[in-house]
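Asker: Submitted below is the structure of interest, expressed as structure tokens.
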Amino acid sequence: MTVEINIPPVFQAMVKGVHRIDVNGGTVGECLNEMAAKYPQLKAKLFNKRGKLPHGISIYINGENAFPKPLSKPVRPGDKIYISHIVLGG
């Protein structure tokens, strides 16, 4: 099933300026893993050492927050995944 992932501007340099990518998967996690397989430099930005989303990354499906377990949220053909990257620091 084809799902569109919208790539935030902060990650676009790692994917040669691509704004969105079509992937296949039944969950958000499967879709993000497919995108990371196509663009390996994104893997460290999308997943921490435990395979979870790092702090500062939020996922939205069709504009709705996928919290609390975004990687296991199901997706359907035609859904759009949005990655929100919040800059953390002090």
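Asker: Restricting to lysine pairs 8 or more places apart or on different chains, what number in the stretch 14-90 have Cα atoms under 24 Å apart?
Answerer: Close lysine pairs under the 24 Å cut-off: 22.
Asker: Tell me which residues come under 5 Å, amide H to amide H, from Asp79 once H is placed; ignore anything under 5 positions away on its chain.
Answerer: HN-HN under 5 Å from Asp79: Glu4.
Asker: Give the Kirkwood hydrodynamic radius (Å, one decimal) of the stretch 2-85, defined as one over the mean of 1/r across all pairs of different Cα atoms.
Answerer: So the Kirkwood estimate lands at 12.5 Å.
Asker: Now, a different point. Going toward the positive end of the dipole of the chain, with +1 on Lys and Arg Cβ and -1 on Asp and Glu Cβ, which of Pro77, Pro40, Ile59 do you reach last?
Answerer: Towards the positive end, the residue furthest out is Pro40.
Coordinate-derived values only; no laboratory data. Keep in mind it's a predicted model, so treat the numbers as computed, not measured. In this analysis, Cβ positions are derived from the backbone assuming ideal geometry, glycine residues included, and neighbour counts consider all displayed protein chains.
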